[in-house]
Amino acid sequence: MALKAVHVSDVPNLDQVPENASLALYSSRFPKGVEMNLGAPRIPKFLVIGHRGSGMNALQSSDRRMRAIKENSIMSFNAAASFPLDFIEFDVQVTKDDCPVIFHDDFIFSEENGTVFQRRITELCLSEFLNYGPQREPGKEGKLLLRKTKDGKIVRWDVENDDPHCTLQEAFEQVEPSLGFNIELKFDDYIVYQEDSLFRVLQSVLQVVFEYARDRPVIFSSFQPDAALLVKKLQNTYPVFFLTNGGNELYYDVRRNSLEEAIKVCLEGGLQGIVSEVKGVFRNPGALTKIKEAKLSLLTYGKLNNVPEAVYMQHLMGIEGVIVDFVKEITEAVSDMIEPSGGAEEDGSIMQEKSKPEFSQRELSFLLKLIPELIQL
């Protein structure tokens, strides 16, 4: 689907967008020391980003950490803020009455009179969405919240510390203001979206962001290539990253099927970087050189990012940040292994690293060749 350029001045009800929005504004939207130019953000430090706040919920996992706090909640976001994170990542969808809400799954599940039913998030109005799960009002009981697991089972969404659903506006208002937001623009993988549909969703999100973000660092990202391209055309204030599985799964839209295709999307639309599933990078380390040559930034996500050694390997490879579930453990590991020296230059190019293995360039090259075998291509 070809997208025409849409200027901010053509977007109704986006009064909050500064008339002089430009790439120069990026520098105030990132942690201190991060600079922006016409290509990728200059990120002098290794970023650690909390996945859905303090980590995603894996309800059938034997690891209690995966059920400690409700994902994508104000509680989870503020719990993450107690650690030395740079950003939290969360998923935003827009209800049918045009309110951006934070929820990962395409469908919400519940049960009534013994019958399980599902509703698509984007087909609910805000009041319906907020009526599932714990409620803000004392004594009020919400609808039972269930979740469909990857293997198709329907289970109770039970966590040790529960919290009500929230809107994007509430996140801006109630989460520690120094914590950056990586806003994933969430769309269904199995729907072909028309431009007017994408436009309505992105307009609703941008209205909230420009009204409430203030000086908070913000990054947009999306697996939906046309959404990523369009949100970049609609604004120049915040960087946009294209999300990809890096070839681990194949989709009808070929733009989603490899790191090489992701590079093309970014160059086509002037996006600032790529967020890839980490196995996609480890299986194809040569793509990292192409990403750097294209002057793009690279972040990663995935289960391997909960392993400190895998995170450190990415630092050695030149990847600029990781999205993680085990926020406490990975921030501690990064602090221990990758710490700026007191005498570092302003651009952060001089790094003092402790408790780290020492690799020669030859050994590092060997490891990069070995990794694809280790993760069972």
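The values are calculated or read from the model by the stated rules, or taken from the named source; none is laboratory data. Because the structure is a prediction, the values reported are computed rather than measured. Methodologically, a virtual Cβ is constructed for each residue, glycine included, from the backbone with ideal geometry; neighbour enumeration extends over all protein chains shown. Accessible surface is based on the protein model in full, side chains and every heavy atom, while ligands, DNA and RNA are left aside. Shrake-Rupley method; radii C 1.70, N 1.55, O 1.52, S 1.80 Å.
Here are the numbers:
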read-out	value
Cross-chain or 6+ apart pairs with Cβ under 6 Å, the stretch 67-82 first and in contact (Cβ under 8 Å) with a residue 60 or more places away in the chain and polar (S, T, N, Q), then open to solvent by 10 Å² or more (accessible area, probe 1.4 Å) and part of a strand (DSSP E or B)	Ser76/Ile69
Subset of the stretch 224-240 (residues that are under 14 Å from Ile274 (Cβ atoms) and not in a helix (DSSP H, G or I))	Pro239, Val240
Any hit, the stretch 174-185, residues being among the acidic types (Asp, Glu) and farther than 21 Å from Ile49 by Cβ	no
Failed item in (1) under 21 Å from Leu185 (Cα atoms); (2) assigned to a helix (DSSP H, G or I), with Gln314 passing the rest	(1)
Filter result for the condition that a residue is without any contact (Cβ under 8 Å) to a residue 40 or more places away in the chain and open to solvent by 10 Å² or more (accessible area, probe 1.4 Å), over Val281, Val254	Val254
Count of residues meeting criterion [assigned to a helix (DSSP H, G or I) and crowded, with 16+ Cβ neighbours inside 10 Å] in the stretch 284-302	3
Scope the stretch 259-268; condition farther than 11 Å from Ile291 by Cβ and either under 19 Å from the mean Cα position of the chain (by Cα) or open to solvent by less than 10 Å² (accessible area, probe 1.4 Å) (or both); matching residues	Val265
Filtered residues of the stretch 120-137 (kept if among the polar types (S, T, N, Q) and farther than 12 Å from Phe103 by Cα)	Ser127, Asn131, Gln135
So Gly302, is it touching a residue at least 40 places away in the same chain (Cβ under 8 Å) and either among the β-branched types (Val, Ile, Thr) or touching a strand residue (DSSP E or B) at 6+ places or on another chain (Cβ under 6 Å) (or both)	no
Sole residue being out of contact with any Asp or Glu (no Cβ under 6 Å at 6 or more places or on another chain), among the hydrophobic types (A, V, I, L, M, F, W, C) and buried (at least 24 other Cβ atoms within 10 Å of the Cβ), chosen from Phe220, Phe199, Phe210	Phe220
Any pair with Cβ under 7 angstrom, 6 or more apart, that starts in the stretch 175-202 at a residue that is in contact (Cβ under 8 Å) with a residue 24 or more places away in the chain and ends at one that is in a helix (DSSP H, G or I) and among the polar types (S, T, N, Q)	Val175/Asn78; Glu176/Asn78
Of the criteria (1) on the phi < 0 side of the Ramachandran plot; (2) in contact with a strand residue (DSSP E or B) (Cβ under 8 Å, 6 or more places away or on another chain); (3) open to solvent by less than 70 Å² (accessible area, probe 1.4 Å), which one Asn72 fails	(1)
Boolean, Ile274 is in a loop (DSSP other than H, G, I, E, B), touching a Ser or Thr at 6+ places or on another chain (Cβ under 9 Å) and open to solvent by less than 10 Å² (accessible area, probe 1.4 Å)	no
